[in-house]
Amino acid sequence: MEYEAVIGLEVHLHLATQTKAFCGCANRFGAAANTLVCPVCLGLPGSLPVLNKKTLEYAARVALALNCEVKDYFKFDRKNYYYPDLPKNYQISQYDLPLSINGYLDIELNQFLRSEDRSLLEIDTERPSSIRTLKGADLWPRMYKGTKRIHIRRVHLEEDAGKLIHMKNYSLVDYNRSGIPLLEIVTEPDLNSPQEAYEYLTSLKAILEYLDVSDCDMEKGSLRCDANISVRKKGATALGTKTELKNMNSFKAVKDALDYEITRLSELLDKGADIIQETRLWNSNTNITVSMRSKEEAHDYRYFPDPDLVPFTVDKTFLERIKETLPESPHKRRERFQKQYSLSPYDSGVLISSRTLADYFEECVRLYPNPKTVSNWITTEILSYLNENKISTEKISLEPKRLVRLLELLDSKRIGRNSAKEVLRVMLDSGKDADTIIKEKNLFEISDETELVRVVDGVISNNAASVKNYWGGKENALMFLVGQVMKETRGKANPHKVNEILRNKLKGGIINA
């Protein structure tokens, strides 16, 4: 039987404020355990929370960027449950009157439309979440790039719990994280595949990074994601029994966990077995999910208004000021890069995937007005180096003016392209400038014709078979000879001059001395 997955995501985001959400303790990662605490975040008797204004500003920035309706009246509630890392035995959160509701995020999809999906070829104006496609079944079948609107149910504020550190025979508790401002971004169950979930998370992270409200570092726990998933018979409208997935520390892990869970739930339905609503943990070592506990419902947490925090009203001028400071969105920046710099959709997409990378590109172009060349070097050579060395784009050590200097040396023919690639890697490793490295490694390009002729003559005399092949009409033989010259000169010869000299030498089937 064919099934359809129904997926909703809950993203938890640490806000990068200087202090915690409801007290003056520092919001800082990496401090010694239990050193960033006070009576408020420890929940000691008589302590009173006070909302951090910057926390509200950051939360409103996110809500507005995600097209949410920011409420002019909201309150905080107590979410009651016991866990060792929750010192108050409740979490300050939001229940029925959250900060914002009814947002959306459009994601891009690549899909191959099958015969049963012909309806997707028409734009459905009644359903804004439908895939927008080109009209006309005459385009059938094809790979289609479209967009899908993912509705965001709510964006609300809460505080984080502490952290449990599990040892072999005991556990330790670090309360430094307790009270850190946490933003929860909850989607409607609009996602229907692990790939859609991956695209949503990637797009969301880019927006959050552009807003500069969090470092979005999943390894540090600044960005976490839980997924709710159920499956149902294709064509059905009722939702199936859902499971909640936790413990996923990367977007790939979210995708893999959802893939596994879809298979598990489908097999249970095929067997006629009952599906239990539960929370399951993803084990990245075994690539399976394991049961953690039965899934709680809202009433299990006994929500009630926090008596220590009065309801809040939001001034419209406050929101207008925040709207004015919102940066250019990744989507708009991608469109601008294509139009302003004549870049391909792919290159633009790579560059805007990180705000740091996009800023880096534009600073380079300001100094060196050749966008395509700059884009090629960043998206191939620099990103390749960063990926190999597992360095994030935020930690590029090469200043734009130093990359530009290397490109200028390449333009002036002082070095060849292969040498430039070698120099770039050394620059990224050592921090040295291009001129110093070229001088130390003697990489200046050989453009002296007398020297090139000498090397070419030696290559011709040592590769008689290739020479005959070229005379026989095999153009690739010439490329082989060019390669041999480049090898002899350690890549320092000017390949255009080498090509020209070789053609002249071998013209008419005669070697010109």
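I need Glu4, Glu449 ordered by Cβ neighbour count within 10 Å, fewest first.
The order, fewest Cβ neighbours first, is Glu449, Glu4.
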Using the Cα centre of the chain as origin and beta-carbon charges of +1 (Lys, Arg) and -1 (Asp, Glu), tell me which of Tyr3, Ser375, Leu183 is placed farthest towards the positive end of the dipole.
Ser375
Once whole DSSP H runs in the chain are found, which of them have Cα atoms spread over 27 Å or more along the helix axis and a mean Kyte-Doolittle score of at least -0.5?
251-271
Return the percentage of antiparallel bridges among DSSP beta bridges fully within region 243-340, rounded to the nearest 5 %.
60 percent
Roughly speaking, what is the stretch gain from Tyr83 to Lys468, that is 0.36 nm per residue apart minus the C-alpha to C-alpha distance, in nm to one decimal?
130.5 nm
Alpha carbon centre of region 367-388 versus region 187-256: separation in Å?
30 Å
In deg cm²/dmol, rounded to 500, what helix-only [θ] at 222 nm does the chain give when every DSSP H run of at least 4 residues adds -39500 (n - 2.57) and the total is split over its residues?
-11500 deg cm²/dmol
For Leu343, residues with placed amide H under 5 Å, excluding near neighbours
Gln338
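Quickly rank 265-274, 433-442, 189-198 as a protection proxy: mean count of other C-beta atoms within 10 Å, highest first.
189-198, 433-442, 265-274
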Hz values of 3J(HN,Hα) by residue in region 20-36 - Karplus curve (6.51, -1.76, 1.60), Gly and Pro given as x
6, 5, 10, 8, x, 5, 5, 9, 9, 8, x, 6, 4, 3, 6, 9, 10
Taking the dipole about the Cα centre of region 228-366, with the C-beta of Lys and Arg at +1 and of Asp and Glu at -1, give me whichever of Thr237, Leu343, Phe304 is farthest to the positive side.
Leu343
Neighbour counts of other C-beta atoms within 10 Å: give me Glu363, Glu408 arranged from fewest to most.
Glu408, Glu363
Extension length gain for Asp215 and His496 (0.36 nm per residue less Cα distance), in nm, is 96.5 nm
Taking amide H atoms as placed 1.01 Å from N in the peptide plane, list the residues 5 or more away in sequence, or in a different chain, whose amide H sits under 5 Å from that of Gln94.
Asp77
Amide H contacts of Cys225 (H built 1.01 Å from N, under 5 Å, at least 5 apart or other chain):
His12, Met248
If one computes the Cα centroid of region 262-312 and of region 344-361, what distance in Å separates the two points?
37 Å
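Take the alpha carbon atoms of the chain, find their radius of gyration, then divide it by 2.2 N^0.38 Å using N residues; give the quotient.
Taking N as the residue count of the chain, the ratio is 1.26.
Can you sort Ile262, Ile288, Ile7 so the residue with the fewest Cβ neighbours within 10 Å comes first? Intermediate values should be presented prior to the final figure.
On the way: Ile262 19, Ile288 15, Ile7 26.
Sorted ascending by nearby Cβ count, the order is Ile288, Ile262, Ile7.
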What fraction of the DSSP beta bridges in the chain is antiparallel, stated in percent and rounded to the nearest 5?
90 percent
Work out the FRET efficiency for Leu239 and Leu109 from their Cβ-Cβ distance, taking R0 = 30 Å, and round it to the nearest 0.05.
0.85
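Each value in this text was obtained by applying a stated rule to the coordinates, not by laboratory testing. No experiment lies behind these values; they were computed from the predicted model shown. Every residue, glycine among them, receives a Cβ derived from its backbone with ideal geometry; neighbour counts consider all protein chains shown.
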